[in-house]
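The values are calculated or read from the model by the stated rules, or taken from the named source; none is laboratory data. Because the structure is a prediction, the values reported are computed rather than measured. When we count neighbours, we look across all protein chains shown, and the Cβ atoms used for this are built from the backbone with ideal geometry, even at glycine. For accessibility, only protein heavy atoms count, side chains too; no ligands or nucleic acids. Shrake-Rupley method; radii C 1.70, N 1.55, O 1.52, S 1.80 Å.
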There are 2 protein chains.
Amino acid sequence: MIGPADIEASTQPATDAGLAFRRHDHSNCCGGLIARADELAAERGLKLTPVRRRALEILLEEHRALGAYEVLERLAGEGFGNKPPVAYRALDFLVENGMAHRIARLNAFMACMHPGDDHTPMVMICRACRSVAEAPAEPVAAAVAESAASAGFAVEGTVVEALGLCSACRARGEV
Amino acid sequence: MIGPADIEASTQPATDAGLAFRRHDHSNCCGGLIARADELAAERGLKLTPVRRRALEILLEEHRALGAYEVLERLAGEGFGNKPPVAYRALDFLVENGMAHRIARLNAFMACMHPGDDHTPMVMICRACRSVAEAPAEPVAAAVAESAASAGFAVEGTVVEALGLCSACRARGEV
DNA sequence: TCTTGACTGTTACATTATAACATATGATAT
DNA sequence: ATATCATATGTTATAATGTAACAGTCAAGA
Ligand SMILES: [Zn+2]
Ligand SMILES: [Zn+2]
Ligand SMILES: [Zn+2]
Ligand SMILES: [Zn+2]
């Protein structure tokens, strides 16, 4: 059964930290985010072409970090090109336009859960199930900015990734 | 001329954020850190063998992120093996033992400026000169831990990297 | 219609990283 | 002393990740 919290999760970005780690109406959250991506593209005059749209769907279907070659494999299986640039270009488009994030530590990509926010998220990566989730990064960004400022460093971007065990895996007794 | 601040920088870890970005007595700071690495190895029963020691020196000589193959090239030029595992093994040893850090965003490595602290640092990466520096990460780590906790996520490690312009490059009018 | 620019696809290659096995070396233990 | 063992080094070969450069497609605008 799908409870109110699940519905809320797909519409209340500020409260969905760890969504990927919880039970939720997945088809709903995916559909909602694809719709949101279409809106964004329309608003901004971007072209969410078939490959790009499908790449985003693939990321959304997983709530998990996927390597470019994993995405490529699926795209190729659906009739798109099967050469690396096909995947990298689609993924780069999604990242540049805030619809996906690159995870440096994993050399992988994930769908963004708040497209349009123009945020640099903090990403949590579960080492047991490899699922990933975004968490609010404002406090972290502030701390980074402060440390950097005292070194005279002008921050233009950040990579903040936490590695560990998600709540589901801990509940399941994972060590 | 080498001023007091430069001396201090190599012996007062808590105050050296951004050291790499400033003028300082470089041979002094390198020598001191090699000596510190020797101490650490002795304390912990680690073997800082010739390749490992040389790999660390190479990183120290640069105050800059070096790719594994850059390190390999130098090692090979000095009579060590010239196959990738030679560099990767030395670098992995240094990272595992807190004498160097891996920079996820650059697929590169840097010498640690506070070996023995057992810290996960925040790293600042200058896009103009590619120099890197560590900054205190406690406030950042705290913010990360707090965000993660509200998602039920147990943090075991973090990657915190800031990209931007260092003070030297800004002073030099870099945009 | 004809350009033009953006998108897709391909070839070919560059860069980063690891598995697996062989050899050397130094520290026990007999 | 010498056999044994663990650790470290070196090699071959290959995997995984990422890009440069160019050719064909297609739709929007001159
Ligand atoms: Zn996001
Ligand atoms: Zn998990
Ligand atoms: Zn350090
Ligand atoms: Zn710089």
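For A:Arg74, state whether it is in contact (Cβ under 8 Å) with a residue 24 or more places away in the chain and open to solvent by 70 Å² or more (accessible area, probe 1.4 Å).
Values: in contact (Cβ under 8 Å) with a residue 24 or more places away in the chain: no; open to solvent by 70 Å² or more (accessible area, probe 1.4 Å): yes.
Taking the combined requirement at face value, the residue does not satisfy it.
Within the range A:47-71, which residues are farther than 24 Å from A:Glu134 by Cα and either open to solvent by 60 Å² or more (accessible area, probe 1.4 Å) or in contact with a helix residue (DSSP H, G or I) (Cβ under 8 Å, 6 or more places away or on another chain) (or both)? Of everything in the range A:47-71, those that are farther than 24 Å from A:Glu134 by Cα and either open to solvent by 60 Å² or more (accessible area, probe 1.4 Å) or in contact with a helix residue (DSSP H, G or I) (Cβ under 8 Å, 6 or more places away or on another chain) (or both) turn out to be A:Lys47, A:Pro50, A:Val51.
None of B:Phe93, B:Phe80 is part of a helix (DSSP H, G or I), more than 9 Å from the chain's Cα centre (by Cα) and touching a residue at least 12 places away in the same chain (Cβ under 8 Å) except B:Phe93. Of the set (1) open to solvent by less than 10 Å² (accessible area, probe 1.4 Å); (2) in contact with a Leu (Cβ under 7 Å, 6 or more places away or on another chain), all apply to B:Met122 but (2). Please go through the range A:130-154 and give me each residue that is open to solvent by 50 Å² or more (accessible area, probe 1.4 Å) and within 16 Å of ligand 2 (Cβ to nearest atom), ordered by number. The answer is A:Arg130, and nothing else. Filtered by the rule that a residue be under 17 Å from B:Arg105 (Cβ atoms) and small (Gly, Ala, Ser), the range A:146-159 gives A:Ser147, A:Ala148, A:Ala154, A:Gly157. Considering only residues in the range B:33-46 that are within 15 Å of DNA strand C (Cβ to nearest atom) and part of a helix (DSSP H, G or I), the one that is most open to solvent (accessible area, probe 1.4 Å) turns out to be B:Ala42.
Within the range B:96-123, which residues are within 12 Å of ligand 3 (Cβ to nearest atom) and in a strand (DSSP E or B)? Reasoning before the result, please.
Keep residues of the range B:96-123 that are within 12 Å of ligand 3 (Cβ to nearest atom), which gives B:97-103, B:109-123.
Once the filter is applied, which keeps residues that are within 12 Å of ligand 3 (Cβ to nearest atom) and in a strand (DSSP E or B), the range B:96-123 yields B:Ala100, B:His101, B:Arg102, B:Ile103, B:Phe109, B:Met110, B:Ala111, B:Met122, B:Val123.
Only residues that are in contact with a helix residue (DSSP H, G or I) (Cβ under 6 Å, 6 or more places away or on another chain), of a type outside the set (D, E, K, R) and facing chain A (nearest Cβ under 7 Å) were counted in the range B:155-175, giving 7. Please enumerate the residues belonging to the range B:126-145 that are more than 9 Å from chain A (Cβ to nearest Cβ) and among the aliphatic types (A, V, I, L, M). B:Ala128, B:Val132 - these are the residues of the range B:126-145 that are more than 9 Å from chain A (Cβ to nearest Cβ) and among the aliphatic types (A, V, I, L, M). Does the range A:103-110 include one or more residues that are over 25 Å from A:Leu60 (Cα atoms), open to solvent by 10 Å² or more (accessible area, probe 1.4 Å), of a type outside the set (A, V, I, L, M) and within 8 Å of chain B (Cβ to nearest Cβ)? No; the residues of the range A:103-110 include none that is over 25 Å from A:Leu60 (Cα atoms), open to solvent by 10 Å² or more (accessible area, probe 1.4 Å), of a type outside the set (A, V, I, L, M) and within 8 Å of chain B (Cβ to nearest Cβ). Pairs meeting the criteria (first residue in the range A:114-131 and under 17 Å from A:Val160 (Cα atoms), second residue open to solvent by 70 Å² or more (accessible area, probe 1.4 Å) and away from ligand 3 (no atom under 16 Å from the Cβ), beta carbons under 8 Å, at least 6 apart or on different chains) are A:Ile125/A:Arg105; A:Arg127/B:Glu156. Contact map, the range A:151-175: residues that are more than 21 Å from B:Phe153 (Cα to Cα) paired with residues that are within 16 Å of ligand 1 (Cβ to nearest atom), Cβ distance under 6 Å, separation 6+ or inter-chain. No pairs are found.
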